[in-house]
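To start, the structure under review is shown below, and the notes come after it.
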Amino acid sequence: MIKTATRLDSVQEYYFATKLREVRALSDSGKPIINAGIGNPDLLPPDHVLPALATALQDPKAHGYQSYLGLPELRAAMAGFYKKQYEVTLDPATEIIPLMGSKEGILHISMAFLNPGDQVLIPDPGYPTYASATRLCEATPVVYDLKEENHWLPDFEALEQLDLSKVKIMWTNYPHMPTGAAGSKEVFEKLITFAAKHEILLVNDNPYSCLYDGRLSIHQVSGSKEVALELNSISKTYNMAGWRVGMLTGNASLLKEVLKVKTNMDSGMFYGIQHGAIAALKTDNSWLENQNKIYKARRALTMQLAKTLHLKLQEQDGGLFLWCKLPDGMKDDKVFVDKLLHENDIFIAPGSVFGKNGEGFVRFSLCVEEEMIKEMIDRVSKKVAL
């Protein structure tokens with residue numbers, strides 16, 4: 001029997017990969033499952049994106065290997081996106097690496113900077129991939145708490161009490177997934193100061209910012225490029241999750257190290273996808289404003305659903321999710337989720353899959369049409385009435 005690498009002993013299959021097989025099996029058996037658990041955009045990309053892709057396919061260069069750094073036009077469009085959305089100036093030649101989805105960047109960064117025995121600060125609750133990538137690099141996750149009473153923001157006094165001597169990377173994620181906390185420039189300033197003081201590489205994972213009215217980038221803070229990198233993506237912003245186009249931005253010397261990993265992992269992004277991404281990144285902000293109106297309407301309806309379930313709403317003003325606390329006396333979010341799935345044919349995400357501080361919370365995705373949200377309200381209301 002061929003044995004797997006010992007590094008796999010420290011990671012498990014992603015919760016949603018496992019759970020969605022169960023959800024799919026229920027659906028295949030005839031159950032009318034509504035999936036409100038996953039942040040998979042159901043809206044379409046901007047109208048001009050598909051024609052840009054189709055036109056690019058006719059180019060004789062379309063089907064060959066592409067540059068590891070992407071087309072110069074793509075990096076220019078990414079720099080333009082940062083200027084338009086955040087008033088941040090980036091050098092497209094040296095301060096941007098296009099990625100095949102920002103998720104791959106998490107592992108590339110980890111491989112570029114972590115040695116066995118290094119430590120990594122991981123937010124709890126937070127995206128599980130931060131910890132998985134850390135373990136795959138044989139480094140050690142060190143959890144830092146984000147709590148409801150602190151509005152899901154870092155407790156810098158608590159961070160300063162930690163032994164930080166082995167910490168190499170700190171992951172942060174504002175606007176925050178799963179809680180929807182927006183963060184602020186002031187929080188970013190504190191994070192930059194903290195990272196500089198302790199010589200830690202700070203990485204902000206930033207795929208949700210354009211779904212909020214106040215758009216934030218860690219590069220808006222003076223000194224960020226000395227200690228911070230930022231991941232971003234067109235997946236949620238322009239409803240192009242399956243296209244797998246992201247970007248890593250920051251200090252040129254740091255990006256060169258990440259590029260050593262990336263150039264050994266792939267051979268460049270497909271030409272047509274790059275041109276579609278360029279078109280998306282140049283989209284007028286009026287399109288984004290209209291999309292966010294759709295999400296606000298869905299959020300209002302989902303809040304009705306949550307109230308019908310006697311959940312306690314968490315304050316948030318944007319994003320792709322609704323984060324709620326279980327009713328008083330209830331602690332087990334996975335039991336709540338399974339009951340909702342099997343009794344009402346509705347799937348939502350349990351908060352505990354994002355960390356121990358997510359226990360007792362659940363997350364609704366807003367990637368569900370209004371009529372389906374109304375259907376969920378109807379199903380739950382009938383059950384409650386019985």
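Could you please give the count of residues in the stretch 118-131 that are assigned to a helix (DSSP H, G or I) and surrounded by fewer than 20 Cβ atoms within 10 Å (Cβ to Cβ)? Even if it seems obvious, please write down each step before you answer.
First, pick out the residues of the stretch 118-131 that are assigned to a helix (DSSP H, G or I): 128-131.
Right, trim to surrounded by fewer than 20 Cβ atoms within 10 Å (Cβ to Cβ) and you get 128-129.
The total comes to 2.
Could you tell me whether any residue of the stretch 23-45 is free of Cβ contacts under 8 Å to residues at least 12 places away in the same chain and surrounded by 14 or more Cβ atoms within 10 Å (Cβ to Cβ)? Please lay out each step first, then the result.
Initial filter on the stretch 23-45 (free of Cβ contacts under 8 Å to residues at least 12 places away in the same chain): 24-25, 27-30.
Now drop any that are not surrounded by 14 or more Cβ atoms within 10 Å (Cβ to Cβ), which leaves 27.
Yes - at least one qualifying residue is present in the stretch 23-45.
What are the residues in the stretch 296-343 that are of a type in the set (Ser, Thr, Tyr) and either buried (at least 22 other Cβ atoms within 10 Å of the Cβ) or under 23 Å from the mean Cα position of the chain (by Cα) (or both), if any?
Let us first name the residues in the stretch 296-343 that are of a type in the set (Ser, Thr, Tyr), namely 302, 308.
Correct list: THR302 only.
Just for the stretch 63-80: of the residues that are hydrophobic (A, V, I, L, M, F, W, C) and in contact with a strand residue (DSSP E or B) (Cβ under 8 Å, 6 or more places away or on another chain), which one is farthest from SER253 (Cα to Cα)? The selected residue is LEU74.
Can you say whether ALA182 is buried (at least 21 other Cβ atoms within 10 Å of the Cβ) and out of contact with any strand residue (DSSP E or B) (no Cβ under 9 Å at 6 or more places or on another chain), as far as the supplied structure shows? Judged against the criteria, ALA182 is a match. In summary, ALA196 fulfils each of the numbered conditions (1) over 15 Å from GLU230 (Cα atoms); (2) open to solvent by less than 10 Å² (accessible area, probe 1.4 Å); (3) without any contact (Cβ under 8 Å) to a residue 60 or more places away in the chain with the single exception of condition (2). Only a single item in (1) at pLDDT 95 or above; (2) crowded, with 19+ Cβ neighbours inside 10 Å; (3) within 30 Å of GLU359 (Cβ to Cβ) is not met by ALA277, and it is number (3). Among helices (runs of 4 or more DSSP H) entirely within the stretch 1-108, having at least 3 residues that are under 21 Å from the mean Cα position of the chain (by Cα), modelled with pLDDT under 95 and closer than 25 Å to MET177 by Cβ singles out 15-28. Consider the stretch 281-333 and keep the residues that are part of a loop (DSSP other than H, G, I, E, B) and either touching a His at 6+ places or on another chain (Cβ under 7 Å) or of a type in the set (Gly, Ala, Ser) (or both). The one that is farthest from MET177 (Cα to Cα) is GLY329. Answer yes or no as to whether LEU202 is open to solvent by less than 10 Å² (accessible area, probe 1.4 Å), free of Cβ contacts under 8 Å to residues at least 40 places away in the same chain and not hydroxyl-bearing (Ser, Thr, Tyr). Yes: the conditions hold for LEU202. Report yes if some residue within the stretch 212-229 is touching a residue at least 60 places away in the same chain (Cβ under 8 Å) and closer than 12 Å to THR172 by Cα; otherwise report no. Within the stretch 212-229 (the criterion being touching a residue at least 60 places away in the same chain (Cβ under 8 Å) and closer than 12 Å to THR172 by Cα), the answer is yes, since at least one residue qualifies.
The requirement of being under 24 Å from TRP152 (Cβ atoms), among the hydrophobic types (A, V, I, L, M, F, W, C) and at pLDDT below 95 is satisfied by PHE347.
Of all the listed residues (TYR86, TYR65, TYR82, TYR15), the sole one being touching a Pro at 6+ places or on another chain (Cβ under 9 Å) and touching a residue at least 60 places away in the same chain (Cβ under 8 Å) is TYR15. Residues that are part of a helix (DSSP H, G or I), closer than 24 Å to LEU211 by Cβ and acidic (Asp, Glu) within the stretch 334-374 comprise GLU370, GLU371, listed in sequence order. Selection of the stretch 233-243 for residues being part of a loop (DSSP other than H, G, I, E, B) and open to solvent by 30 Å² or more (accessible area, probe 1.4 Å) yields only LYS236. Checking every residue in the stretch 284-295 against the condition of being aliphatic (A, V, I, L, M) and within 25 Å of the chain's Cα centre (by Cα) gives at least one match.
Within the stretch 187-232, the set of residues being of a type in the set (S, T, N, Q) and part of a loop (DSSP other than H, G, I, E, B) comprises ASN206, SER217, SER222.
Of all residues in the stretch 179-216, those being touching a Lys or Arg at 6+ places or on another chain (Cβ under 8 Å) and of a type outside the set (A, V, I, L, M, F, W, C) number 3.
The values are calculated or read from the model by the stated rules, or taken from the named source; none is laboratory data. This is a predicted model, so every value here is computed, not measured. Positions of Cβ are generated from backbone atoms using ideal geometry, with glycine treated the same way; all protein chains shown enter the neighbour counts. Protein only, heavy atoms only, side chains kept; ligands, DNA and RNA dropped before computing areas. Shrake-Rupley method; radii C 1.70, N 1.55, O 1.52, S 1.80 Å.
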